[in-house]
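Beneath this line is the structure, given in structure tokens, with notes to follow.
The values are calculated or read from the model by the stated rules, or taken from the named source; none is laboratory data. Here the structure is a predicted model, which is why all the values come from computation and not from measurement. All Cβ positions, glycine included, derive from the backbone under ideal geometry; neighbour counts span all protein chains shown.
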Number of protein chains: 2
Amino acid sequence: MAFHSRNRSKLSDVARMAGVGNATVSRALNGGKNVSSEKMERISAAIDELSYRPNRVARSLKGASSGMIGMIVPSISDTFFSRCAEAVEAVAHEHGSLLVVIPSHENDETIISGLRQLLLHHVDGLLLAHSTPHSRELAAELRGLRLPVVGIDGPLTELGLPSVVCQNFRGATLATEHLLGHGYRKVIHVQVKPALYTMCERARGYVAAMKAARARPTTEIIANREDALAVLKRHVGAGAEPFGIFAGNNLTARYLCEAIRLLGLAVPQQVALLSFDDFDLADTLHPPTSVVEQPIDLMGRTAAKILFERLAAAVHGPEGRPTPAIMLGPRLVLRESCGCDPVRVRKAGQDDADRASDSLLAAVSGSG
Amino acid sequence: MAFHSRNRSKLSDVARMAGVGNATVSRALNGGKNVSSEKMERISAAIDELSYRPNRVARSLKGASSGMIGMIVPSISDTFFSRCAEAVEAVAHEHGSLLVVIPSHENDETIISGLRQLLLHHVDGLLLAHSTPHSRELAAELRGLRLPVVGIDGPLTELGLPSVVCQNFRGATLATEHLLGHGYRKVIHVQVKPALYTMCERARGYVAAMKAARARPTTEIIANREDALAVLKRHVGAGAEPFGIFAGNNLTARYLCEAIRLLGLAVPQQVALLSFDDFDLADTLHPPTSVVEQPIDLMGRTAAKILFERLAAAVHGPEGRPTPAIMLGPRLVLRESCGCDPVRVRKAGQDDADRASDSLLAAVSGSG
DNA sequence: CTGAAAGCGCTAACAT
DNA sequence: ATGTTAGCGCTTTCAG
């Protein structure tokens, strides 16, 4: 039980060794205000000597910061959220804080119980990734919280809480316009989980872009590969004309790609594809899939930064005035599935990887 | 500061309401031993009434369990580790514990400082995923720890600590034998990060299988797509004969796939591919990539389970006797890149998804 | 079986 | 500027 304290020196040990009072050591530890530089020296010498580190638990019990922040995400293993978490952890680390991650499985009750558990552990603040509309209970729970909370991926605007999201609407518009720009007169939107905030925004953006181009928007909801197959069959069968698909997220794109492969459809000759959210092998797929890339790392870092700012400013709980969500811009990553010219695309590539493979490609074809 | 305790009832409130002493409530909370059933009733009624939840921090300060476990992984966003973490979290949740994840970036010093930070926060136990050989410092740190530690992915056997790993050797043997079984006389092994324990084991398994088949093993180390390109060029150029590649992990496979695409190589006609560790779009790639699948979820759950067992048994620190690592079996997932017949493969598919798409496929080709 | 009392290591008044 | 003191909420002897 008491294996924590094995040999570990405590604040009073430091005080004794430095020949000062406990409070002085505590003060020295917390900013060193109101401590003479002479004692400051003696204290830090003693700290080094004893290799003393303050016990976060005791500190936390007393009411000071616990050095932990919580993050509630739909799923820990989902690429998007694990990358968010990684960015958040990086910022937390800079602030000497630990990150506790709890999966919600998109269930409001799970969120509430997770929230309470985090509270019991005295976390200093909370990041909440939740893009389904919250239940009344969750809203109440959040409203009653005296703890800095920042939303990520889904806005907490209605609750007066700050949040960081991607410009889903804009990304969708960009994608749709791009597809339209390739000359496809018919561009459909396929998505999963239409209830999600992010999906709604993307669908809205798609519709807006279609309307602006005087084209007729069509949104299809799918839940699996079989649905994708059915949707594809229907639209391919409807006319010989090639058409574009704007996929709502990478899961949608995955179902679609699988279905396309099963049907033996030519991309982009028969169907052009552009998906929201980049994914690992998008580049390696046949053909490479064009995507709207979200600034995941920036989203995570920004949200965490806001949280720590509030922590420092001791701004707990909702503000009186509504807090607009910070919306970060997505980026079109053009590969080939949207109909872009492979050569032009490769030429336009700006990063080193692209350039490097260019020259190697040339070398290879020269030797083959 | 004191926003944690806002209205929150404490143990003494429960005691007062139930008309018993603090100690009795505490006992009731911790197993209810030595408490009359009558007071037990009154206490639990009071707990419900006040919706009391014990403060984990206070409990932890006093020396009891903190309700938190730590996990140190090379990277939070890496699919393998985030899936491990998810499994671990599930078990932790069952035990009412929180999971704190720290990324090590495969750096021993980072691990050590992370370790110490976790200690300061009184975590009850630790899961360590680290498959590079540990430095003397890390070994010493680990040895001195009075805390249950369980290794995952890499063994901590030398330190007398339990660990859970995949049968990397066996998986590699399986893969190599399978490739050999397809009739490829030449099968090479390509990998990244040869220093990793996992990679060593896989390379050993490959070599063993090759030797058993009286074939000459060739292991190539790559670090990026360009290396993959160079390796491929060399081996394709070396002879017209098709050959097999056993890729050490999914990153290797990815580089290889990209390079294969850039070179326009036919898979499996010119190069057959079989990779260790499944990945998201393996199925959608052209052709679908065969892999050795690791029981990731089981690994995470098992490691966590062992940790909680030790926690319950109060077995802290290394055992006297060496603790053999628990080695979980991988599974060959045969798709097409290894040379398996697409039709046969699909027929052999046992899960619903496969069956479902089969029938749909039939429907589709019938209508086309 | 039960309650009173003594801390766990730290911070924050409150004196000085 | 500095020391003394009183807890934070809980567990745990130690007496009954």
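Filtering A:PRO318, A:PRO288 for residues that are at pLDDT 90 or above and assigned to a loop (DSSP other than H, G, I, E, B) leaves a single hit, A:PRO288. Only a single item in (1) in contact (Cβ under 8 Å) with a residue 60 or more places away in the chain; (2) within 13 Å of DNA strand C (Cβ to nearest atom); (3) of a type in the set (A, V, I, L, M, F, W, C) is not met by B:VAL35, and it is number (1). In the range A:55-71 there is no residue matching the filter, namely being charged (D, E, K, R) and more than 12 Å from DNA strand C (Cβ to nearest atom). Look at A:PRO103 and say whether it is closer than 29 Å to B:TYR52 by Cβ, crowded, with 22+ Cβ neighbours inside 10 Å, without any contact (Cβ under 8 Å) to a residue 40 or more places away in the chain and not aromatic (Phe, Trp, Tyr). Considered against the rule, which asks whether it is closer than 29 Å to B:TYR52 by Cβ, crowded, with 22+ Cβ neighbours inside 10 Å, without any contact (Cβ under 8 Å) to a residue 40 or more places away in the chain and not aromatic (Phe, Trp, Tyr), A:PRO103 comes out as yes.
Residue-wise test of (1) touching a residue at least 40 places away in the same chain (Cβ under 8 Å); (2) of a type in the set (Val, Ile, Thr); (3) farther than 16 Å from A:LEU274 by Cα; (4) in contact with a Ser or Thr (Cβ under 6 Å, 6 or more places away or on another chain).
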residue: A:ALA215; (1), (2), (3), (4): no, no, yes, no
residue: A:ILE222; (1), (2), (3), (4): no, yes, yes, no
residue: A:ALA230; (1), (2), (3), (4): no, no, yes, no
residue: A:HIS235; (1), (2), (3), (4): yes, no, yes, no
residue: A:ALA238; (1), (2), (3), (4): no, no, yes, no
residue: A:GLU241; (1), (2), (3), (4): yes, no, yes, no
residue: A:GLU258; (1), (2), (3), (4): no, no, no, yes
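Being part of a loop (DSSP other than H, G, I, E, B), away from every other protein chain (no Cβ under 11 Å) and not polar (S, T, N, Q) narrows it down to one of A:HIS122, A:HIS130, A:HIS105, so name that one. Going through A:HIS122, A:HIS130, A:HIS105 in turn, the sole match is A:HIS130. There is at least one residue in the range A:55-75 that is away from DNA strand D (no atom under 15 Å from the Cβ) and in contact (Cβ under 8 Å) with a residue 60 or more places away in the chain. Filtering the range B:123-153 to residues that are under 30 Å from B:LYS62 (Cβ atoms) and of a type in the set (Asp, Glu) leaves B:ASP124, B:GLU141.
If only residues of the range A:66-80 that are at the interface with chain B (Cβ under 9 Å from one of its Cβ atoms) and on the phi < 0 side of the Ramachandran plot are counted, the one that is surrounded by the fewest Cβ atoms within 10 Å (Cβ to Cβ) is A:SER75. Name the single residue, out of those in the range B:8-31 being within 9 Å of DNA strand C (Cβ to nearest atom) and closer than 22 Å to A:GLN117 by Cβ, that is surrounded by the fewest Cβ atoms within 10 Å (Cβ to Cβ). Ranking the qualifying residues of the range B:8-31, first place goes to B:SER26. Among the residues of this structure, B:SER36 does not count as one that is within 14 Å of another protein chain (Cβ to nearest Cβ), more than 31 Å from the chain's Cα centre (by Cα), surrounded by fewer than 18 Cβ atoms within 10 Å (Cβ to Cβ) and more than 30 Å from B:GLY151 (Cα to Cα). Of all the numbered requirements in (1) small (Gly, Ala, Ser); (2) without any contact (Cβ under 8 Å) to a residue 24 or more places away in the chain; (3) away from chain A (no Cβ under 14 Å), B:SER290 misses one, and that requirement is (2). Checking each residue in the range B:39-61 for being acidic (Asp, Glu) and more than 16 Å from B:ASN22 (Cα to Cα) picks out B:ASP48, B:GLU49. In this structure, B:ALA172 qualifies as in the same structural domain as B:ALA247 (by TED's automatic domain parsing) and in contact with a Lys or Arg (Cβ under 6 Å, 6 or more places away or on another chain). Out of curiosity, is A:ARG59 at the interface with chain B (Cβ under 9 Å from one of its Cβ atoms) and of a type in the set (D, E, K, R)? Taking the combined requirement at face value, the residue does not satisfy it.
Is it the case, given these coordinates, that A:MET17 is away from every other protein chain (no Cβ under 14 Å), near DNA strand D (Cβ under 8 Å from one of its atoms) and in a helix (DSSP H, G or I)? Answer is no for this residue. Listed conditions (1) of a type in the set (A, V, I, L, M); (2) within 14 Å of chain B (Cβ to nearest Cβ); (3) touching a residue at least 60 places away in the same chain (Cβ under 8 Å) are all met by A:LEU179, apart from (2). Checked against the criteria, A:ALA90 counts as in contact with a strand residue (DSSP E or B) (Cβ under 9 Å, 6 or more places away or on another chain) and more than 10 Å from DNA strand D (Cβ to nearest atom).
In this structure, is A:ILE47 among the β-branched types (Val, Ile, Thr), in contact (Cβ under 8 Å) with a residue 24 or more places away in the chain and away from DNA strand C (no atom under 16 Å from the Cβ)? Answer is no for this residue.
For every residue, the table says whether it meets (1) out of contact with any His (no Cβ under 6 Å at 6 or more places or on another chain); (2) surrounded by fewer than 24 Cβ atoms within 10 Å (Cβ to Cβ); (3) not assigned by TED's automatic domain parsing to the domain that holds B:PHE80.
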| residue | (1), (2), (3) |
| --- | --- |
| B:ASN107 | yes, yes, no |
| B:SER113 | yes, yes, no |
| B:GLN117 | yes, yes, no |
| B:SER131 | yes, yes, no |
| B:SER135 | yes, yes, no |
| B:ARG146 | no, yes, no |
| B:TYR184 | yes, yes, yes |
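For the range A:20-37, the tally of residues that are in a helix (DSSP H, G or I) and within 6 Å of DNA strand D (Cβ to nearest atom) stands at 3.
Could you tell me whether any residue of the range B:81-90 is assigned to a helix (DSSP H, G or I), more than 8 Å from chain A (Cβ to nearest Cβ) and basic (Lys, Arg)? Looking through the range B:81-90, none of the residues is assigned to a helix (DSSP H, G or I), more than 8 Å from chain A (Cβ to nearest Cβ) and basic (Lys, Arg). A count restricted to the range B:293-314 and to residues that are more than 13 Å from chain A (Cβ to nearest Cβ) and of a type in the set (Val, Ile, Thr) stands at 2. Might you let me know whether the range A:64-78 holds any residue that is over 28 Å from A:LEU298 (Cβ atoms) and part of a helix (DSSP H, G or I)? Checked the range A:64-78: no residue is over 28 Å from A:LEU298 (Cβ atoms) and part of a helix (DSSP H, G or I).
Taken as a whole, the condition of being surrounded by fewer than 24 Cβ atoms within 10 Å (Cβ to Cβ) and part of a loop (DSSP other than H, G, I, E, B) applies to A:ASP280. Going by the conditions given, is B:GLU220 under 26 Å from the mean Cα position of the chain (by Cα), of a type in the set (Asp, Glu) and either within 14 Å of chain A (Cβ to nearest Cβ) or in a helix (DSSP H, G or I) (or both)? For B:GLU220, the condition - under 26 Å from the mean Cα position of the chain (by Cα), of a type in the set (Asp, Glu) and either within 14 Å of chain A (Cβ to nearest Cβ) or in a helix (DSSP H, G or I) (or both) - is not met.
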